[in-house]
Each structure stands twice: as structure tokens, then as C-alpha cells.
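Trainee: Encoded as C-alpha cells, here's the structure I'll be asking about.
The values are calculated or read from the model by the stated rules, or taken from the named source; none is laboratory data. No experiment lies behind these values; they were computed from the predicted model shown. So basically every Cβ, Gly included, is an ideal-geometry build from the backbone, and we count neighbours across all protein chains shown. The area values use the complete protein model at the heavy-atom level, side chains included, leaving out ligands, DNA and RNA. Shrake-Rupley method; radii C 1.70, N 1.55, O 1.52, S 1.80 Å.
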Amino acid sequence: MISVGVIARGGPERAELRAALEAEGRHRVSDEDEPGREVALVRRTSPRVLVVSQSDEDSALTALHRLAAAPAPVAVLLLANRFTCGGLHRILACRPAGVLHRAAAAAQLPWAVPAAAAGGPVLGPELIGVVAGNCPGAGCAPSARDEARALLAALSTRELEVLELVGEGLSNPQVAAALTISCDTAKEHLHNIYGKLGIRGRLQAARVAWQAGLTGRRTGGGRVPPARKDPVPAPPPRQVPAVCG
């Protein structure tokens, strides 16, 4: 079980995050505190992952700088209400274990916390546009889009459905519920997706889904017609420290 510290303003927000973290029984909230007291919390309980919720990018960046003084490295999973391209790039330069949009955090924390504890990097699917070299919502470069769509040709119809939901930030239990399948079956499909696409982890899977335009089909988009092409192995995720060096 992963011990998690929570930094958030006000009891209701902390209660919401605690409920999301403890829902599946894999995480234990070891301590909670207000923004500005990140280092004190780490000194008290030494959580494996620290979830830090901030209202804006500047506050999030300040929290990362404060955590540079923590007595031991901690995997920081940062939440904020709004991100700009420049602001998110500055935050990522400090190398947190992960960054999520606050509005989607409750759905994404169940899988994001273990990924952060394993070394990250973790990025909310709706923020992957920055990683791909574009502002969120700006779309994907044609060459990257075509390559991602070609990778999808190896997937079955059910695997495409699973990948779409992973790209939208759903956890395995949520994918299972949405597709009316068991959680074990959802995990098996995801394992097969990793193997067919030559990737490792949800971040890379979500990035392929985003680049290919696979996400959002359930809200009006049409099925992406993938071109046939042999899967190309992707490099393993880079291990990063939790705070600025």
C-alpha cells in the first residue's frame, strides 16, 4: 500500500482527494495539510507520494521550490486548476513526478499515484499536447498524427475502445465499468496494447491516443481510420527526480 500525503486548501477538497485516493484500497493517506506546509508534512510522515493541489501555476511552482528543502526526496504529484504552455513547461523543468489537471484528478489519481511512486513521469492526458510540442487543444503535428494512427492498425476494436478511455484519463476499474467487462479483462487488454504498440505505461499509451485523435469519439467524433504500418517500439519512460535540482 502506497502512503500518500495531501496538500490542499480546505477540508472539502482534502476530503474529495482522500476519497479518490483510498477508493480502491491501494493507497493510504498518511497526513494532510494546507498549502505552504509541504516540507512540514514530509518531515512528519515521510509519504512515498505527495499530492499537492494549488490554484495556479505560480503557486505550484513555488511549492516545488519549497520542496527542494525537504529532508528526503519525495515523488510530487502536482495538481492545478489551469495550465498555460509556458507555465507547464516551467513546472516540468522542475521535474515533478507528475502533473494533473485538478478537474480530472479524482478520476486519474488511482493510476497516477502508483506511476508517480515508480518514478514517473506522469502527465494528465489532457496535458499531453505540451509534451508533444503543442499547446493543449492545438492539435498534433501531421507527421506525429499519421505515425500514431498507423500504430493503431495493430489493435482490435475492443483494444481501441480501451485505449480511448485510457487517453481520457480513466482508471482500469472505470474502463471496465464503461465497457461492461471485468477489471482483469481491462488489464489484459491494456497489457496487449502495450505489447502491440511497443510502449510502456499509461503515459505513452495516452500520448498515442491523443496524437491519433482517438479521444473524444464518444462525444461526437468519428472512428479514426488507422493506416497499416508495423508498430515502432517507443523508448522507456525517463526516470526523473521529484523536485528542482
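Trainee: Quick one: pull the percent of accessible area on segment 1-131 belonging to carbon and sulfur, 1.4 Å probe, ligands and nucleic acids left out. Walk me through the numbers on the way to the answer.
Mentor: Values: 2630 of 5070 Å².
The computed percentage sits at 52.
Trainee: Quick check: pseudo-label points 7 Å beyond the Cα along Cα→Cβ at Ala178 and Ser59, how many nm apart are they?
Mentor: The answer from the label model is 2.9 nm.
Trainee: Still on this structure, please answer the following. Just the accessible area per residue of segment 1-96, please: how many Å² with a 1.4 Å probe?
Mentor: Values: 4340 Å² over 96 residues.
For segment 1-96, the solvent-accessible area averages 45 Å² per residue.
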